[in-house]
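I have placed the structure first, in the form of structure tokens, so that the comments after it can refer back to it.
The values are calculated or read from the model by the stated rules, or taken from the named source; none is laboratory data. Remember, predicted model here, so these are calculated numbers, not experimental data. Ideal geometry is used to build each Cβ from the backbone, glycine not excepted, and the neighbour counts take in all protein chains shown. For the accessible areas, the whole protein counts, side chains as well, though only heavy atoms, and no ligand, DNA or RNA atoms are used. Shrake-Rupley method; radii C 1.70, N 1.55, O 1.52, S 1.80 Å.
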Amino acid sequence: MATLKELSRVPEVLAPGHRMCAGCGAPIVVRQVLRAAKAPVAVANATGCLEVSTTIYPYTSWKSPFIHVAFENASASLSGVEAAYQSLKRQGKITDEIKFVAFGGDGGTYDIGLQSLSGAMERGHDMVYVCYDNGAYMNTGIQRSSATPMGADTTTTPVGSVRPGKLGWRKNLTKIMMAHGIPYVAQISPSHWNDLYQKAEKAFAVKGPAFLNAIAPCPRGWRHDSAETVQMTKLAVDTCFWPLFEAVDGKVRVTYKPRQKKPVVEFLKTQGRFRHLFRPENEGLIEQIQAEVDREWEELLALERLSQEQAAE
Amino acid sequence: MAAEQKRVAMTGNEAVAHCMRQIDPDVVAAYPITPQTDIVQYFSTFVSNGQVKTEFVTVESEHSAMSATLGASMAGARAMTATSSQGLALMWEVLHITSSYRAPVVMPVVNRALSGPINIHCDHSDTMGSLTTGWIQLYSESAQEAYDNLIQAVRIAEHPDVLLPVMVCQDGFITSHGIENLNLLPDETVKQFVGEYKPEHYLLDLENPITVGPLALQDYYTEVKYQQAKAMENAKQVILDVAAEYEKISGRKYGFFEAYKLDDAERAIVVLSSTAGTAKAVVDSLRARGEKVGLLKPRVLRPFPAKELVDALSSVQAVAIMDRADTFSTAGGQLFVEIRSALYESDKRPLMKNYILGLGGRDTTTREITKVYSDLAAALEKGRVEELITHLDVRE
């Protein structure tokens, strides 16, 4: 357990002066995660907001080695970097201890990058993959992704006279990554910085692949005040819209249980992308969303109980 | 002094795999695809038996193969992959990125027709489609040439004046699966020839951290592309220098192309890779009948040796350019368009005709090639070409 004071003294890898929007969740996630690396890092990044806003030639915000290749292949590119490291280290040409970390948005992770992510995780590269999930393709102007929540207004699921925003539920990527049987998977939120820090520490410490899924609000896409980003993530956690949990070698532990689970409407009502859900013609949708949040939460608690029972046997 | 060489019987794929063993790259990331598969399988055996120091990444697709190879190269490793056809097509996005990042990646390509319809046999539609990706391209007639080109490719790619990726092409099945006799250099000779890879800038150099792959817009993108074009120009001399050095250890001579009985030829065929072997047999038999025919087999298509091709073809009166892939432009195959354009600078322009042939593995025999030479004779007699583009051996 680290204190905020201690964490504030850890040297930054992502320098200030980059061009991410005010209130963007992504750089908060990056800075919080990298504080836990405890060794030099080599960073790979999928095409997206984080990449285009931090590496505008001839400037870079990255104090560490950094590579970007394309949208769908951050995991594959980093696989190559990590393979080079293993090879050169075995040959005695490199002696440094280096950690490998990839960052991608939900577009580069849930969707176009899912194949290369799955491949890299299955092969067992020693790397941490961090998804900053803002729930849509924000870089190209708020188009829906498979991480977009049901009912959200995006530019490819616009609210119209016959459609109430995005139809259908989000893909549960964290569970998909758990199904890969990798040593460490966790969901994190900037609001719970200590929980995040401890999980990032574990992710970097395991030998082999680790996956962290971080909620990372986009004030432009979510349509909330840019000063309220961390508050958004806190609401997401307290409503169990974004539960905090980890799977260590497949054993599930819910790392934060809200003392009083807030109704999901508390999260929805703060954001412009859900405003239409409160109109009379969309009656019943919020109840459906609440039911789905409840179902997923109960399922997660059941998974945790199962893990505890297995440990007790 | 040429090294003592070992005479072996091998397929083209086997020769290339053994060549990769001798080069012993730091990283190989590859995905199997017919007809390249043997290369990956043989190489996997070398990895499993500890015959190489390579970290072998068994990626889940060719897109990831190219991405991982590029990542490894930028990290500071000598990195290779290999592919064919659809695999090359899937890599297409990353091919451009690899050349623009100036990664000296070397990749054997076993030429195979692109779908559709799906077809596993040879034509050149795969690599013709990647002529604009910024890669150097070397073509091989035989397993021996594929082996020799691959060794030279490492030196060409990594030369500080070049720093560009290189494809080494051989014909699918015809060369890749045909067994032929060839000479292998001793492992130690290859090791010394390729030397140790020591990049000036690399990702894992913690003392000098670099950002690879930044965003460059209107203010810098043009300069990046200009530098690539300059590097491609520089490659011309480097290709010749490396060939001269390679001749010393192997006794085998390479240039931009092979001119076969071309000096006094009135009629000539320009053809790539294995079909050149068939065409040489036709040249020999026509020469035996006193006909002045010759052949030019390009080895290097990128950079395109325009000036040298003009010099070689200017004294010929009629030339047939053979394309083993169509462009569907209706104005001819890629080789035809480029060579014809180069000859615009010549004072003595030969009559020129284009043939599209050998698609999807269709055999081109001495019979078809003999007909091409007689078509040229007819054109010379009339003083003009009747049909500019002919699809050879096709049911209409």
Point to revise | Pairs, first over 16 Å from A:ALA200 (Cβ atoms) in region A:1-23, second small (Gly, Ala, Ser) and in a loop (DSSP other than H, G, I, E, B), C-beta under 6 Å, six or more apart | key: A:ALA15/A:SER61; A:HIS18/A:SER61
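Looking at B:LEU163, B:LEU184, which is the one that is assigned by TED's automatic domain parsing to the domain that holds B:THR37, open to solvent by 10 Å² or more (accessible area, probe 1.4 Å) and on the phi > 0 side of the Ramachandran plot? Give the steps one after another, and end with the answer.
Details: B:LEU184 fails: on the phi > 0 side of the Ramachandran plot.
Checking each option against the conditions leaves just B:LEU163.
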Point to revise | Within region B:126-136, tally of residues that are crowded, with 24+ Cβ neighbours inside 10 Å and out of contact with any Pro (no Cβ under 9 Å at 6 or more places or on another chain) | key: 2
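Residue-by-condition table, conditions (1) in contact with an Asp or Glu (Cβ under 8 Å, 6 or more places away or on another chain); (2) loosely packed, with under 15 Cβ neighbours inside 10 Å:
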| residue | (1), (2) |
| --- | --- |
| A:THR255 | yes, no |
| A:LYS269 | no, yes |
| A:GLU281 | no, yes |
| A:ILE286 | no, no |
| A:GLU292 | no, no |
| A:GLU299 | no, yes |
| A:LEU306 | no, yes |
**Study point:** Lone qualifier among B:THR211, B:THR222 - being within 14 Å of another protein chain (Cβ to nearest Cβ), surrounded by fewer than 14 Cβ atoms within 10 Å (Cβ to Cβ), of a type in the set (Ser, Thr, Tyr) and over 20 Å from the mean Cα position of the chain (by Cα)
**Key:** B:THR222
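I'm checking my understanding of the structure. Among residues of region B:49-65 that are hydrophobic (A, V, I, L, M, F, W, C) and either part of a loop (DSSP other than H, G, I, E, B) or touching a residue at least 40 places away in the same chain (Cβ under 8 Å) (or both), which one is nearest to the other protein chains (Cβ to nearest Cβ)?
B:VAL59
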Practice item. Scan region B:26-48 residue by residue and report those that are under 18 Å from A:GLN91 (Cα atoms), in a helix (DSSP H, G or I) and out of contact with any strand residue (DSSP E or B) (no Cβ under 6 Å at 6 or more places or on another chain). Key: B:PHE46, B:SER48
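Per-residue answers, yes or no, for (1) closer than 24 Å to A:LEU300 by Cα; (2) open to solvent by less than 60 Å² (accessible area, probe 1.4 Å):
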residue	(1), (2)
A:PRO149	yes, yes
A:ASP153	no, yes
A:LYS166	no, yes
A:ALA179	yes, no
A:ILE182	yes, yes
A:HIS192	yes, yes
Review point. In this structure, does B:ALA331 turn out to be open to solvent by 20 Å² or more (accessible area, probe 1.4 Å), under 25 Å from the mean Cα position of the chain (by Cα) and either assigned by TED's automatic domain parsing to the domain that holds B:ALA231 or at pLDDT 95 or above (or both)?
Key: yes
Review point. Does region B:101-112 include one or more residues that are open to solvent by 10 Å² or more (accessible area, probe 1.4 Å), within 15 Å of B:VAL40 (Cβ to Cβ) and more than 14 Å from chain A (Cβ to nearest Cβ)?
Key: yes
Review point. Of these, A:ASP133, A:ASP96, which one is among the acidic types (Asp, Glu) and open to solvent by 40 Å² or more (accessible area, probe 1.4 Å)?
Key: A:ASP96
Check your understanding: Within region B:346-394, can you find the residues that are more than 23 Å from B:LYS280 (Cα to Cα), open to solvent by 60 Å² or more (accessible area, probe 1.4 Å) and in contact with a helix residue (DSSP H, G or I) (Cβ under 6 Å, 6 or more places away or on another chain)?
Key -> B:ARG349
Exercise for review: For A:ASP106, indicate whether it is acidic (Asp, Glu), buried (at least 19 other Cβ atoms within 10 Å of the Cβ) and closer than 20 Å to A:ASN73 by Cα.
Suggested key: yes
